[in-house]
Each structure stands twice: as structure tokens, then as C-alpha cells.
Amino acid sequence: MIKIDIQKMLHGSNGQMNLQVDLNINEGDFIALAGRSGSGKTTLLRILAGLENAKGEIKVGEETWQDKLTCKAVQKRGIGFVFQDYALFPNMSVMENLLYVAKDRDLAKHLLRLTELEELQNRMPSTLSGGQQQRVSLCRALMKRPKMLLMDEPLSALDPSMRAKLQQEILLLHREFETTTIMVSHDPSEMYRLANRVVVLENGKITQDGSAKDVLLKTSGSQKFSFEGELLDIKKVDVIYIAIIAIGQQIVEVVVSENEAKSLHVGQIVRVGTKAFAPTIS
Amino acid sequence: MEIDLQGIINPTLLTFKTVGVSLVLFLAVGVPIAYLLSFKKLRFRWFLDTFVTLPLIFPPIAVGFFLLLLLGKNGFIGSFFARFDISFIFTFNGLVIAGFVAGLPLMVKPLQSAIELFPMSIKEASYMSGKGAFYTLVFIILPSIKKSLFACLIIASTRAMGEVGITLMLGGNIIGKTDTMSLAIYNAVFDGEHELALVLSGVLVIISLIFFVGLHFLQKER
């Protein structure tokens, strides 16, 4: 069991904010940490890693990482960390990057084989693509066989097909190394595929916590599906009103009543749902 | 007029020796100072920063005079070293101190900014790999910015090589003992030996050109 109970005053772009997180995590869990930017997700990861200080306690199994009296040094916590910008050591080859963490050539080879990087082991990081670099970074994070794997938006700089491939590899490594994994993510499909628990932070507080399906599915009541989007415009055509809404990369039109049209205002975030019985997928 | 060969070789060797020892000091002292200054929250940072930068803006003769006061037999620092029979005034040690003090800001300031610009996340990745700050500096940061490091060394060394003001005050311009190349040129002109001055200047030009070419290649490769 991992117990986190920390607080810290943050001075973000939205003024002062109190990050206050009380979270118990089962060992072996895969947690997705979601929420708007500036909600304290990255800071929480950095506090867990020991890169930033905070008040409170962190206990991992029998070990105390932080309490009122002590704070374990970042070097001594058994963590692997994957940065959004890869952060590979630029003066070392792929293999050397891995061996820098632990002189275990067999483990390094095993990790490179799992992530299909064997051929690239002597290349320098600057000659690799983004996806390859992030895989090296993932391998490097696992070289210490960490109890906890922390990932700060590891895939957000990659294109969709590379993301899907890396998601599979992350899941594979999470299972093989039996780490407790916490991953900051903005992508619902990613969270759904990888995480068995999704925690949503808003203004430094946990507002939602549950299974990926419970947190991510936006339908309510008898709705069969529902989407969130931004109301772009409301047009009057003869006697009816048409709301134009941007959902993802698409624009949709929805007929609304006069009363609804008056209560809505342009720029608002709305949810479009329907009870249609049998939607088709083509 | 015949040129005395010793008059060329002695100052040249002396200058090489001075620059060589200064070079070691730039690495051993300059690099740690640059690293310390890269920490924005360091206590007494302003003091260290002022101490390092001052020779860049202060007239060398005045710096030399203050050093003379400090390092002289009765000076604050000099009296301490005198107990161990180490003296700085009118000796080779004085020449090294002069070159080192003059070149230090040119070594430290650019290196400091190169270290500051090095991505934080890479440093943190090293810490999370279980490595300390010093280990990270030696095995990750310095090898990654080695071109900047070499460029700083070259610039600082050329400054140390051409140093006159502080050298004059601390070294005393004793012919055959503390007359570095720049001072030897001055002495030669003073004595009316224009050919000797010309040859010594020529040697300095060649050495400077070698440094310049080295610098050019470092910048080109970047």
C-alpha cells in the first residue's frame, strides 16, 4: 500500500492554490492522473519523486519516504521517472544511458529487446526519432527495477500511431516489472486502455476518483452516448433554432427549442447526448 | 643587429609555463565556481560573483596593486603563506596568480551560462538514477557542454597570455625571471631593440592565431 497525504502552496498562473492530496494506492495499480493544466498533476509527481518538497507524509509499503522529520533523498527513492521531453543523457549512447542507472547489461538488453530497440543500442539520442527516444527513456526508468514508475505526459509529443504502439509497451513493462505506475495524461483513450484507476485533480484537489469507465464515460440517465463540446453559434432558421457545436475536430448541428436557445450562450462548454437506440458505426 | 636567442626563448617558455599552470587552475577552480554560480539560490552568490567579475571591469593595474597589498609579505593573505615559505611577489607564483585572476571571469561567466542553460530535466533524470550532483556535473553536464568548456578555456588562456597590468605589479618585470612575452616586448622597445620586439610580437601573433583557429572550429561544429 502506498499512502500519500501531502499539501503544498503553489503560485501558479491562476494565482495561489493549495495542492492537497490524500491518496491511497494499491501496489501494482496503474493510475492515470488527469485534470486541466495547472491543476497540480506534475507537481504531485515531482513531490513523489522527491524533486520538490511539500508538507505531509509519503509511505511506500514499509518505507517512509517523507514525514514530519525525514525526507528521503531523490537518489534513494526507488523510482523510475519518464519526462515528456525524454531527458536522455545527450553525451551517451542508448546502451550507455541505460547502464548509467545500473550496470546490469542483461537487464538492459532484455528491455531493449522488449521495446524493439536492440538494433539502436549504439546510437546517440540525438539521432533517434521522438518515439524511439521515449522508449529509451522508458527502458532507462526501469533499469533500477523501481517500485514506482512515474510518467509525466510521456506520449503527448508523439503522433497517434506511435502513441498506440507505446501504450502497448508501457502496459507490457508495467506488468512484467510489477511496478506501481502513475501517469499524467490528457487522452481519454489512453487512460481507458492503460489505467485501472483514474484520479482527476482540479485546483489542487481530487474531484473524481474511480475506474476509467466511471470517470471517463460522460453519459447520464438513459443516454446512450454523450459528447462534450464548445457552443460556437446559435442560428434562427424559420421557427427553429440551430446550435452549432464543435466536438473534437468536428462541427455538429443540433436543433434546440427557443427556451433552450435563450438559456445558452456562445462559447459555453455543453454536452450533447442522445437516447437514440441503435447508433451505427461505419 | 643581432638578436639574442635567449631573449626570445626565455620569455616564450615562461609565458607557456604561466598559461599552462593557469589552465590547470581554470579547470580546477573556475569550473567549480561556474557550477556554484549556476545555483540561483546560493548564499553569498553576489559576493562570489563580484569577486570573479571584478577583474573584467576594474583597471588591471589597480587590481594588481590591491593584490600586491593582499599578497605581500605583510599582506592579509601573503603573511599567512609566508609562514610556509611561499611568496607571490616578484616570483613565478605571482605571474600565475595574475594570469589566473585576469582570465577567471572569461572562464567562469560563459561556462556558468552554459551550465544554467543545460536542461533541468536531464539533471533530474541523473539524480533519479541515484547519482549525486558532483557525479552528474562530471559525467553528464560537462561532457555535454564540452565545446563551450573548451571555448572558455581558450578565451581565458589567451587573456592570461596577454596579461600585462597585474603581471607588472605582482611579477615586477624582472628580466630573466618574471618577464613574460608581453613584458619582454615592452622591455625590448624601451631598450630600442625593435627587431627583438618584432620577433616576440610575431610569436605572440602566431600563438594567438592558433587559438583563434581552434575557437573557430569549435564554433563551426556547434
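Readers should treat all values here as calculations from the given coordinates under stated rules, not as data from a laboratory. Only a predicted model underlies this, so the values are computations on that prediction, with no experimental measurement involved. No Cβ is skipped: glycine too gets one built from the backbone with ideal geometry, and neighbour counts run over all protein chains shown.
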Item to check | Single residue of segment A:51-77 satisfying the filter (surrounded by 15 or more Cβ atoms within 10 Å (Cβ to Cβ) and facing chain B (nearest Cβ under 9 Å)) that is farthest from A:Gln121 (Cα to Cα) | outcome: A:Leu51
Item to check | Residue list for segment A:78-99, restricted to those being under 26 Å from A:Asn53 (Cβ atoms) and facing another protein chain (nearest Cβ under 8 Å) | outcome: A:Ile79, A:Gly80, A:Phe81, A:Phe83, A:Asp85, A:Ala87, A:Phe89
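Find the residue count for segment A:53-76, including only residues that are within 18 Å of B:Ser129 (Cβ to Cβ) and either touching a residue at least 40 places away in the same chain (Cβ under 8 Å) or not charged (D, E, K, R) (or both). Step through it out loud before you land on a result.
Taking segment A:53-76 and keeping what is within 18 Å of B:Ser129 (Cβ to Cβ), we get A:65, A:72-76.
Imposing the further condition that a residue be either touching a residue at least 40 places away in the same chain (Cβ under 8 Å) or not charged (D, E, K, R) (or both) reduces the set to A:65, A:73-75.
Qualifying residue count, segment A:53-76: 4.
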Checklist entry - Of these, B:Gly75, B:Gly7, B:Gly20, B:Gly30, which one is out of contact with any Ser or Thr (no Cβ under 8 Å at 6 or more places or on another chain), small (Gly, Ala, Ser) and within 26 Å of B:Thr136 (Cβ to Cβ)? => result B:Gly30
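Give me the residue from segment A:126-144 that is in a loop (DSSP other than H, G, I, E, B) and away from chain B (no Cβ under 12 Å) and, out of that set, surrounded by the most Cβ atoms within 10 Å (Cβ to Cβ).
Here the residue is A:Leu128.
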Checklist entry - Just for segment A:172-190: of the residues that are under 9 Å from the mean Cα position of the chain (by Cα) and buried (at least 21 other Cβ atoms within 10 Å of the Cβ), which one is nearest to A:Met148 (Cα to Cα)? => result A:Ile182
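Of all residues in segment B:163-179, which are in contact with a helix residue (DSSP H, G or I) (Cβ under 6 Å, 6 or more places away or on another chain) and either hydrophobic (A, V, I, L, M, F, W, C) or within 22 Å of B:Leu54 (Cβ to Cβ) (or both)?
Going through segment B:163-179, the residues in contact with a helix residue (DSSP H, G or I) (Cβ under 6 Å, 6 or more places away or on another chain) turn out to be B:163-167, B:169-171, B:173, B:178-179.
Listed by number, the residues that qualify are B:Glu163, B:Val164, B:Gly165, B:Ile166, B:Thr167, B:Met169, B:Leu170, B:Gly171.
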Checklist entry - Exactly one of (1) of a type in the set (Gly, Ala, Ser); (2) closer than 29 Å to A:Leu171 by Cβ; (3) without any contact (Cβ under 8 Å) to a residue 12 or more places away in the chain is unmet by A:Gly80. Its number? => result (3)
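Determine whether segment A:103-110 contains at least one residue that is closer than 23 Å to A:Tyr192 by Cα and away from chain B (no Cβ under 13 Å). Steps first, please.
Pass one, segment A:103-110, residues closer than 23 Å to A:Tyr192 by Cα: none.
Among the residues of segment A:103-110, not one is closer than 23 Å to A:Tyr192 by Cα and away from chain B (no Cβ under 13 Å), which makes the answer no.
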Item to check | segment B:98-149: number of residues that are among the β-branched types (Val, Ile, Thr), more than 13 Å from every other protein chain (Cβ to nearest Cβ) and more than 30 Å from B:Leu69 (Cβ to Cβ) | outcome: 1
Item to check | Matching residues in segment A:9-45 - criterion: being surrounded by fewer than 20 Cβ atoms within 10 Å (Cβ to Cβ) and of a type in the set (Lys, Arg) | outcome: A:Arg36
